[in-house]
Amino acid sequence: MSENYDRFFTLAEDILRHPAFQRQKAYRHHKASLFEHSILVAYSAHRVARRLKLDEKSVVRGALLHDFFLYDWHVEGRRVRKPLFKKHGFTHARRAMENADFYFDLNPREKDIILKHMFPLNWRPPRYLESWIVNFVDSIVTIKEYFRRSKKEHNPLLQHLHERLKKESRTRE
Ligand SMILES: [Fe+2]
Ligand SMILES: [Fe+2]
């Protein structure tokens with residue numbers, strides 16, 4: 001387990017530490033925060049990608065940023081009425097890609113992962129196997145979050161990352 005955590009942390013660290021990524025702690029996603037949701041999707045997708053010997057770095061980075069739209073869609077949805085195709089479900093993948101592209105240096109595979117993660121709601125299918133994996137894992141994680149009982153569920157991965165980010169920033173000072 002800890003080897004998986006280590007490898008994931010190495011690939012994810014710069015994004016996890018970025019203040020814009022940290023902002024997602026304030027945005028809800030079903031019974032989790034977007035920060036939490038993105039990490040859980042990235043970690044599970046990473047394990048699949050590793051097993052299949054795919055581009056694990058792009059999977060981690062693309063998955064971490066797949067919902068990087070930076071607003072609370074629960075609030076936004078209630079505030080303004082929009083036609084169906086302008087609603088969050090249809091538009092947020094592009095918004096996330098544009099934000100991610102602004103803050104980070106993305107390769108074509110990472111962009112595709114973000115942009116196509118809502119297929120078939122967004123009709124253009126993923127171009128890479130890595131994008132299909134994130135698309136699939138995102139659906140599973142979202143369903144699990146939707147049905148979980150409480151907002152505060154202990155998760156060893158999140159706990160591990162939290163402690164590591166704290167400890168390693170202390171040693172850097
Ligand atoms: Fe999404
Ligand atoms: Fe998602």
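The order of 70, 121, going from fewest to most other C-beta atoms within 10 Å of their C-beta, is 121, 70. Let me spell out the model: positive unit charges on the Cβ of Lys and Arg, negative unit charges on the Cβ of Asp and Glu, origin at the Cα centre of segment 104-173. What dipole size does that give, in debye rounded to 20? Using only the charged Cβ atoms, the result is roughly 240 debye.
Look at 61, 7 and count the other Cβ atoms within 10 Å of each Cβ; fewest to most, that gives 7, 61. Think of each Lys and Arg Cβ as +1 and each Asp and Glu Cβ as -1; about the Cα centre, that makes the dipole of segment 2-166 roughly 720 debye. Candidates 11, 54, 157 compared by Cα position along the dipole of segment 2-166: farthest toward the positive end lies 157, with charges placed on Cβ. Straight-distance candidates among the aspartates and glutamates for linking to residue 25, with alpha-carbon spacing under 14 Å and chain neighbours fewer than 8 residues away dropped: 36, 67, 72.
Among the listed pairs 116/166; 57/144; 111/144; 87/166, those whose Cα-Cα separation exceeds 27 Å are 116/166; 87/166.
Since every read-out is calculated from the coordinates, none of them should be taken as a lab result. The structure displayed is predicted, hence computed values, not measured ones. Cβ: placed from backbone, ideal geometry, glycine included. Neighbour counts: every protein chain shown.
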